[in-house]
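Single-structure report; data block below.
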Amino acid sequence: MTPQPGTAGEDAPAPAGEPLLRLERVARRYGDTLVFEDVSLQVAAGEFVALLGESGVGKSTLLNVIAGLDDIDAGSVRLAGRDVHALGERERALMRREELGFVFQAFHVLPHLSVAANVALPLLLQGRDDPDRVREMLDAVGLSGLGERAPAQVSGGQLQRVAIARALVHRPRLILADEPTGNLDPDTAQRVLDVFTREVTQQGAACVLVTHSSAAAARAHRVLRLTSHGVLGAATR
């Protein structure tokens, strides 16, 4: 089942055209346990999609499947026309490096690198040195002046913003964000959502954001729900 558009967010309408991301009847199991099945989804460049659902229905797993971090048991995932799960491990890693920005719930900030070095990491992996872009992203998420601190010297909410800045610094074509405002106060959450919105509307990125926050979902062009049966459909906000 392909989801239908939900209520439009406060920003510009979602663009038409060929989807950047296409999932067709995707299923994922862990052993004998079915996580989800028959999941179909299309997301265009310049489109912001919020994904809701009860805890345990597989929202984080779905993001991992899209990124090629978890395997699938049926269906297909295509990013910019490429079949993600037909790629080898090295090709998947290169695809993630070039095309994706992933905000994990667990942050995955490297403790031995400074805040600025953590943010710069995607650029360095691409062979790019752009300290101005790093400073721009730190400022965008409200971390100006904290670039030289170690991760142990900042708060959990600040670590979350480090992870967000790192995911966006290289201007990825697809942003996957797993509860990116979960540890943030309302004002900071709105500031961070402004950054996501800017990347979508100005840079033309596609964004899939998993959230329990109605304020975050309100920014999306479409709001979808992942049910216990694994079928994505339009959600009521």
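Values as computed for the structure displayed
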| read-out | value |
| --- | --- |
| Test: residue in the stretch 104-124 that is surrounded by 14 or more Cβ atoms within 10 Å (Cβ to Cβ), touching a residue at least 60 places away in the same chain (Cβ under 8 Å) and in a loop (DSSP other than H, G, I, E, B) | yes |
| Any hit, the stretch 21-29, residues being farther than 23 Å from Arg173 by Cβ and of a type in the set (Val, Ile, Thr) | no |
| Hits in the stretch 200-218 - residues which are closer than 21 Å to Leu52 by Cβ and in a helix (DSSP H, G or I) | Val200, Ser214, Ala215, Ala216, Ala217 |
| Whichever residue in the stretch 46-58 is modelled with pLDDT of 95 or more and of a type outside the set (A, V, I, L, M, F, W, C) and, among such residues, is surrounded by the fewest Cβ atoms within 10 Å (Cβ to Cβ) | Gly46 |
| Those residues of the stretch 59-90 which are loosely packed, with under 13 Cβ neighbours inside 10 Å and in a helix (DSSP H, G or I), in sequence order | Ala86, Glu89, Arg90 |
| Index of the failed condition, Thr181 passing every other in (1) modelled with pLDDT of 95 or more; (2) buried (at least 23 other Cβ atoms within 10 Å of the Cβ) | (1) |
| Within the stretch 81-117, considering residues that are aliphatic (A, V, I, L, M) and touching a strand residue (DSSP E or B) at 6+ places or on another chain (Cβ under 6 Å), the one farthest from Met137 (Cα to Cα) | Val84 |
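Here's the yes/no breakdown for (1) free of Cβ contacts under 8 Å to residues at least 40 places away in the same chain; (2) surrounded by 17 or more Cβ atoms within 10 Å (Cβ to Cβ); (3) among the hydroxyl-bearing types (Ser, Thr, Tyr); (4) closer than 21 Å to Phe48 by Cα:
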position: Gln126; (1), (2), (3), (4): no, no, no, no
position: Arg133; (1), (2), (3), (4): yes, yes, no, no
position: Glu136; (1), (2), (3), (4): yes, no, no, no
position: Leu143; (1), (2), (3), (4): yes, yes, no, no
position: Asp185; (1), (2), (3), (4): yes, no, no, no
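The values are calculated or read from the model by the stated rules, or taken from the named source; none is laboratory data. Remember, predicted model here, so these are calculated numbers, not experimental data. Ideal geometry is used to build each Cβ from the backbone, glycine not excepted, and the neighbour counts take in all protein chains shown.
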